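Please treat every number below as a calculation from the coordinates, not as lab data. Note that this is a predicted model, so its numbers are computed, not measured. Don't worry about glycine lacking a Cβ; one is built from the backbone with ideal geometry, like all the others, and counts go over all protein chains shown.
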Amino acid sequence: MVGGRARRRGEAEAAPSPSPLTYVGRAAKPDPVSGALASARLLVLDDHAEILRSMDRYFGLFVAEVHTASTPEEAERILIAREPGLLLCDYWLGEEVPPGTQLVSDWRQRFDFIRAAAMMTGTKATGLLDAYGVDAVFQKPLRLPEVKNWFAERLEAHAL
């Protein structure tokens, strides 16, 4: 979701201004993804617009609905309205904002449709697992294919 609306896989996107973090590796066709991701909804929460654009572009190639939010309030509105089963949240969302671990913990307790929750962080914080309902921690800079494959594996495990 960019600019307040979700973009479905395959739908054209308005041309945003170039960003140094934008995924540009579109020369080769993406690897086919299992049906689990192709029908999934993903919510990405980060306070940096260029990261949200990058995530929307990349995951939009594989996931049915990609929703992005820059604030916890916006993310919660999306959780209520769209029920995304996948959650990718930044740990640090700015001053006076609860850490991503606290948000994930709260949302996992309140929204039982969240099947997989991953945290993005700039530090080695594997201690964020378990205690907060976080299933995986990915260090920045993210390797997006690794994150995509992890989400696909989680969904496939849930399907069994």
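Tabulated results
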read-out	value
Estimated distance in nm for a label pair at Asp112 and Ser39, the labels positioned 7 Å out from Cα along Cα-to-Cβ	2.1
Cα→Cβ-extended label distance, 7 Å offset, between Gln139 and Gln102, nm	2.6
Extension reserve of the His158-Ala49 stretch, reckoned as 0.36 nm per residue once the Cα distance is removed	36.1 nm
